Number of protein chains: 2
Amino acid sequence: MATIVDVAKRAGVAVTTVSRVMNNKGQVSEETRQRVLDAISELAYRPSPAARGLPRRRLHMVSVVVPFVTNPSAVARVQGVVHGLRSTDYPVSILDVERPEHQEEHFGLLGSGLRPEGAVIVSLHPSENQLASFRAAGTCPVFIDTDVADFSRVFVDDRHGGFLATQHLIQLGHRRIGFIGDKEDERFGFTSSRLRRRGYRDALQAAGLDAAAHFERTGEHGRDTSAELARELLALPEPPTAIFASSDTQAIGVLDVAKEAGLQVPRDLSVIGFDDIEVAGFLGLTTVRHPLYESGLIAADLVIEHIENPGCTPRSVEQDLEVIVRVTTGPPPAQSSN
Amino acid sequence: MATIVDVAKRAGVAVTTVSRVMNNKGQVSEETRQRVLDAISELAYRPSPAARGLPRRRLHMVSVVVPFVTNPSAVARVQGVVHGLRSTDYPVSILDVERPEHQEEHFGLLGSGLRPEGAVIVSLHPSENQLASFRAAGTCPVFIDTDVADFSRVFVDDRHGGFLATQHLIQLGHRRIGFIGDKEDERFGFTSSRLRRRGYRDALQAAGLDAAAHFERTGEHGRDTSAELARELLALPEPPTAIFASSDTQAIGVLDVAKEAGLQVPRDLSVIGFDDIEVAGFLGLTTVRHPLYESGLIAADLVIEHIENPGCTPRSVEQDLEVIVRVTTGPPPAQSSN
DNA sequence: ACGTTTCCTGAAAACGTTTCCCACGGCCAT
DNA sequence: ATGGCCGTGGGAAACGTTTTCAGGAAACGT
């Protein structure tokens, strides 16, 4: 493999000069520049990322730290980031976290030597220590779906989303509305489900309905657990006529149960989800559209912005939420209105 | 940030020794080792990947180069790789290729200084030059869905898969069977659709049916293009009673057209896809199950194996294909048998 | 007692860049 | 003319590891 000194020799200049043309910095005459460029292409020279990273104290790439990369909403966001960065030459490195140790480990990297030029952190809350180490290292991550002071972020108003979803159900005439969400997460501190539930309560209250705790169920995130929870709700003496699930994955679990119980949706039971992941469209699931892919795209732009002008001036961008009405919601059964 | 010399000082040893305990190589007395370990944790030392990569001439990570990372089958494979590597501490870096230049660029990295410790290449054919540069650099990529001599790969028998799909249709009684696949790809040289079509022809021939070229349509990969093609097929004077689409995405396009034309599936038209991506299950699409996620898992294992014992002894693993019968295929309409 | 091996440790030379600092020539302002 | 600045280029010191080589001490066989 050709190195920078090979190029320098061939072009008859010093390595400094080659470095300068590679990075477009410093002054170099058009003639010299051309000679160097020729030498580079003749030797098919490619700078070594490791060698370049050492003095610059950061690697030419952007890392995405994302919990549970297999779940559909994570996938959509990662896709957005990858696509947003496609026009640049930054490789994207995916750091999956499924256990708290992973988080520790990956954040450690961001605050230290690996220090990628840019980073996106999805749904995770670094500790104060970790944030301090980011600042110290000059890492300037963009947060998606997290509220972190002094850093850039792209987010939605989950509480308002929960409100919208519930309001939709209320407007259809429902009075007994169940909620299925994530169990309070002590490991990672995810907040979205909690906020969505708050919005749900807001909407009930605004409509003069009391938020009966026995209509709320939480559990491990997932289709099966959600089905479990839905079964409990439907076994109630006065079961809800509609269920708001705080993610589409969970809504699908509810749909599973409806089918298994012979309930027709939406005639016997209305279901609304949250996120609008790809399968929601196929299933005709009414849901709150959450621009996941776009959030990745925006995060990518912010990352580039931070890389290009350092200093970490934080920018926040909020994305809009919108109810997408499909076929899983409708008016409640007639006799239920008593 | 603490460096290796800080650790060495604190432990009262030479950097060499610290390096040795970090990498578990060379002999270090238990006592010294413990002192170093203590110093490491007291200083929260983390080696810099760039610095470590420089002398070793490779970066501690594995790269996945994958075309069109947004399409569902690519996603499933990447997930498999990420998950397969989760138990190791290798970051996974995703190199998306959407244009031939990207391929050039990413393969350039693999053969040179970035040289990740491991690599998996999906569906892409490096040129002879590029392969040579891999060998020279000692990169030992694992190929998924590509036939490359002297390298490890995980693959399926696409031709047989095409055969199975078509055979399924024939066994149901279909005689006029359409095929929708990818246009011959001159940019990346993808082969799977072509092979699946060959299997389709094999099956027709084996059943004594002639493979009528006017029942075959190819176009840009995608749901919409596929719909276009399906419309052509269905507009034929004697339209096919069943269509084999060489991917689920394309099968979904066919389903779109069936709905739009008021055709009931499978009463009026049978549709079979290929891949069994996630939405196939939701749609009840009959398809050929292609273990995409598992292919990523296996590739991850192979990569680790190659990293642990260098030398690049190639291993091939073939995955089985299987028809998953759901609700989009059935016997042909009665009058069609003439 | 002496060589030989084995075990542990350290010094120092890479690895391929970037960047700080300095030198040189030409030009402008004084 | 003289001094300073600007545009251009080079020398050399980082950057933080790994690795090669060698050295010293302890253990072993004779």
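The values are calculated or read from the model by the stated rules, or taken from the named source; none is laboratory data. Nothing here was measured: the structure is a model prediction, and the numbers come from that model. Positions of Cβ are backbone-derived with ideal geometry, glycine not excepted, and every protein chain shown enters the neighbour counts. Heads up: the accessible areas ignore ligands, DNA and RNA and are worked out on the full protein's heavy atoms, side chains in. Shrake-Rupley method; radii C 1.70, N 1.55, O 1.52, S 1.80 Å.
Here are a few things to note about the model shown:
- Counting from the shortest, the label point at B:ASP224, 7 Å from Cα toward Cβ, is 4.0 nm from the same position in each remaining copy.
- 5 angstrom amide H check on A:ARG315, placed H, neighbours 5+ away: A:SER152, A:ARG153
- DSSP-assigned coil residues among GluC sites (Glu not before Pro) in region A:53-106, each with at most 11 further Cβ atoms within 10 Å: none
- Between amide H atoms placed 1.01 Å from N, distances below 5 Å from A:LEU95 occur with A:VAL64, A:VAL65, A:VAL66, all of them 5 or more places distant or on a separate chain.
- Within the straight-line cut-off of under 27 Å between alpha carbons, the lysines reachable from B:LYS183 are B:LYS259, sequence neighbours fewer than 8 places apart in one chain being disregarded.
- Rounded if a/c under 1.5, otherwise prolate or oblate - region B:181-265, Cα gyration tensor axes: oblate
- Percent of beta bridges antiparallel (DSSP, chain A, rounded to nearest 5): 10
- Projecting 7 Å from Cα along the Cα-to-Cβ direction, the label point of A:ALA213 sits 7.5 nm from its equivalents in the other copies, listed shortest first.
- Cβ-placed point charges (K, R +1; D, E -1), dipole of the protein assembly as shown about Cα centre in debye, nearest 20: 1380
- Nearby lysines by direct alpha-carbon distance to B:LYS25 (threshold 19 angstrom, same-chain neighbours under 8 apart not counted): none
- Potential lengthening of the chain between B:PHE282 and B:ALA206 amounts to 24.1 nm, from the contour at 0.36 nm per residue minus the alpha-carbon distance.
- Pairwise FRET efficiency - B:ALA235 versus B:ASP157, Cβ, R0 = 35 Å, nearest 0.05: 0.55
- Inter-part distance where region B:135-162 and region B:241-319 are each reduced to a Cα centre, Å: 18
- Overall, chain A carries a charge dipole of about 840 debye about its Cα centre when +1 sits on the Cβ of Lys and Arg and -1 on the Cβ of Asp and Glu, all other atoms neutral.
- The 3J(HN,Hα) values that the Karplus relation (6.51, -1.76, 1.60; θ = phi - 60°) gives for region B:241-247 are, in residue order, 9, 8, 10, 9, 9, 7, 8 Hz. Gly and Pro appear as x.
- Per residue, the solvent-accessible area of the protein assembly as shown (1.4 Å probe, heavy atoms of protein chains only, all protein chains present) comes to 44 Å².
- Inter-copy label distances at A:PRO100, using a point 7 Å along Cα-to-Cβ, come to 5.3 nm with the shortest given first.
- Helical runs assigned H by DSSP (4 residues or longer) give the protein assembly as shown a calculated mean residue ellipticity at 222 nm of -13500 deg cm²/dmol, each run adding -39500 (n - 2.57) before division by the residue total.
- On the rotation that sends chain A to chain B, the chain A Cβ lying closest to the axis gives residue and distance in whole Å as A:SER93, 2.
- Exercise: per-residue mean of other protein chain Cβ atoms within 10 Å, A:51-61: 4
- Cα shape, the protein assembly as shown, gyration tensor, a/c 1.5 rule: oblate
- Under the convention that each Lys and Arg Cβ holds +1 and each Asp and Glu Cβ holds -1, the size of the dipole of region A:208-338 around its Cα centre is about 440 debye.
- Once the Cβ-Cβ distance of A:ARG57 and B:ASP224 is raised to the sixth power relative to R0 = 41 Å, the FRET efficiency obtained is 0.30.
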